[in-house]
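Step one of this worksheet: look at the structure below.
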Amino acid sequence: MGGYDSYFTGEVRITPPLTWEQIKNTRQSPGLHDVKLRTEELVEDTRTGQVWTITADAVVPAGESAYNGSDIEDELQAVIDVHPEHNFTGTIEAWPEDRATPWRYIVQGRRVVRQEAKWPGDQNTLTDLARRIIALDDPDGRGAEERRTVTLDDIIGWARKALGDD
């Protein structure tokens, strides 16, 4: 990944949500810089005053603007390891500023796995997908025959396969 910045999206859901005590313990573990806990606050009025309940229902990227994110995989794994009694599901996706091939961190069981976007078969990246789509625009090129029959649904299907979302 190097020193390049990316935009990060997505979430890893926590079931059941972490309690306040668990949130405090997570925040005190080795620092979280590239991910953070998404917290929810519930305030209930009682006869003696207000009772605040704070829970964390997801791990999310730390920022909305582009940043390096080089520790996301390790930090996400650390949160999962600290809470063996909770389930973690979901993905955090990386979209590089320089439009290089995106990747994602997906939770498989209790392990965080980095997956590069791949094109099935002979084509290996989103760059190959882009070339295939651009070839459709060349009336004399290799995409000319395919252009007569391809639909938007076909192109969306190719994109989903390239991202591994099929």
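Here are the numbers for the structure shown:
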item: Contour excess over end-to-end distance, with Cα ends at residue 65 and residue 9 and 0.36 nm allotted per residue; result: 19.1 nm
item: Label-point separation, residue 131 to residue 160 (7 Å along Cα→Cβ), nm; result: 2.5
item: Whole-number accessible area per residue in Å² for segment 17-70, which is evaluated in the context of all protein chains at 1.4 Å; result: 66
item: Difference of contour (0.36 nm per residue) and Cα-Cα distance, residue 38 to residue 149; result: 35.4 nm
item: Sites residue 95 and residue 52 - FRET efficiency at Förster radius 45 Å, r taken between beta-carbons, to 0.05; result: 0.80
item: DSSP-loop trypsin sites (Lys or Arg not before Pro) across segment 12-87, with at most 10 other Cβ within 10 angstrom; result: 47
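The values are calculated or read from the model by the stated rules, or taken from the named source; none is laboratory data. The structure presented is a predicted model; accordingly, all values stated were derived computationally and were not measured. Backbone-built Cβ (ideal geometry, glycine too); neighbour counts: all protein chains shown. Side chains included, ligands, DNA and RNA excluded: accessible areas come from the protein's heavy atoms. Shrake-Rupley method; radii C 1.70, N 1.55, O 1.52, S 1.80 Å.
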